[in-house]
1. Any idea which of (1) surrounded by fewer than 15 Cβ atoms within 10 Å (Cβ to Cβ); (2) assigned by TED's automatic domain parsing to the domain that holds residue A:38 is the one residue A:152 doesn't satisfy?
2. Looking at the range B:103-120, can you tell me whether even one residue there is more than 14 Å from chain A (Cβ to nearest Cβ) and in a helix (DSSP H, G or I)?
3. Quick one: residue B:96 ticks every box in (1) more than 20 Å from residue B:189 (Cβ to Cβ); (2) in contact with a helix residue (DSSP H, G or I) (Cβ under 6 Å, 6 or more places away or on another chain); (3) surrounded by 16 or more Cβ atoms within 10 Å (Cβ to Cβ) except a single one, so which number is it?
4. Could you check the range B:165-207 and list, in sequence order, the residues that are closer than 25 Å to residue B:83 by Cα, facing chain A (nearest Cβ under 8 Å) and surrounded by fewer than 18 Cβ atoms within 10 Å (Cβ to Cβ)?
5. From B:221, B:200, grab the single residue that is in a helix (DSSP H, G or I) and at pLDDT below 95.
6. Anything in the range B:16-50 that is touching a strand residue (DSSP E or B) at 6+ places or on another chain (Cβ under 6 Å) and surrounded by fewer than 16 Cβ atoms within 10 Å (Cβ to Cβ)? List them, or say none.
7. Kindly establish whether residue A:162 is more than 9 Å from chain B (Cβ to nearest Cβ), out of contact with any helix residue (DSSP H, G or I) (no Cβ under 8 Å at 6 or more places or on another chain), modelled with pLDDT under 95 and not in a loop (DSSP other than H, G, I, E, B).
């Protein structure tokens, strides 16, 4: 669901922290450093994320014009992951283990040998396939301090927040009723009411109240 | 840059920001409930200080849940279905709602999620082609042709800006509605007027619209003067 076409489906994140004076040069260097490096079958990692050009997920050599659209920073967030179906992996590992035992004339494998065989088989299977890529667009409105991330996936959002922090040294906070209330700004009476807010209940039966563990700890 | 949310005095008694966020997620569900309620009560015509009167109604899909139990109602007016109010009576609250908005030059649909206030399926208006645009005057003189490689990049940027401005306009409206909702939700009028009106509405009883409107307008106007 990209930023450049189709309907807009996104979650917002608020940027905590100030931009450095030389942010454009500095960010460009950091973005290039954390641009997507495609996964190779022999890599140790099974999953990797990095930045790409927005709308062009396989363009990872980024120029200034690719990233800065006036007051916006625009990027693609790509995650590559090896996906080998578990039954296929199990079957191939069993075959390899049997062949190894026969070759060695033994009946049992050590734990280390089992791990090594599994790794070898995984790598071999990876060479015959390609990693699965997930691509999500991101636009950072520098003036507003808001990142619009074109996915609702919590997992992908969490990975993006991690890479964002590593790249820009700034923390992202996901939008929620709390964050929007904080941004709107409440007066003293409203803040007091907010502290003691209880859920409105329209059900016919009495509500089941969940324990507020954080509040209990404070008491 | 926006004000710091981490340093906000709102809920600072709770030092953990994640707790402060999690424990108030239900407020977003109540926002959806209130929008649904007001859109029915005021015949799909709401207003804010900045936007004046505009159209808002629940359309497409309404999802209510409580724990693992969920009810999804689809249709042109899912909020009007008997099942929707019954779900509320069973203790379910709106988790997401399809909204139709008609404000300014905009006429759009989107799905608003209560707990994250995230948007889904917001369709920006299509750019009018020259043939569709009304001809008022003589055609302007032909523009200087841009370099071949320059044009697509400019067009992509222009499209992006238009989409972002559009999203910001809609976000601005939702933010104004949330501000008015909070003014009401965090005032004594919520318990004295809004909850009784909600209970009557859910039960299918008559709601004293004028009394409700007078009370809500007073609170919203007072909050508006302070901001």
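1. (1)
2. No.
3. (2)
4. Listed by number, the residues that qualify are B:195, B:199.
5. On inspection, the qualifying residue turns out to be B:221.
6. Within the range B:16-50, B:45 is the sole residue that qualifies.
7. Here the answer is no, as residue A:162 does not meet what is asked.
The values are calculated or read from the model by the stated rules, or taken from the named source; none is laboratory data. Small disclaimer: the values here were computed from a predicted structure and weren't measured. So basically every Cβ, Gly included, is an ideal-geometry build from the backbone, and we count neighbours across all protein chains shown.
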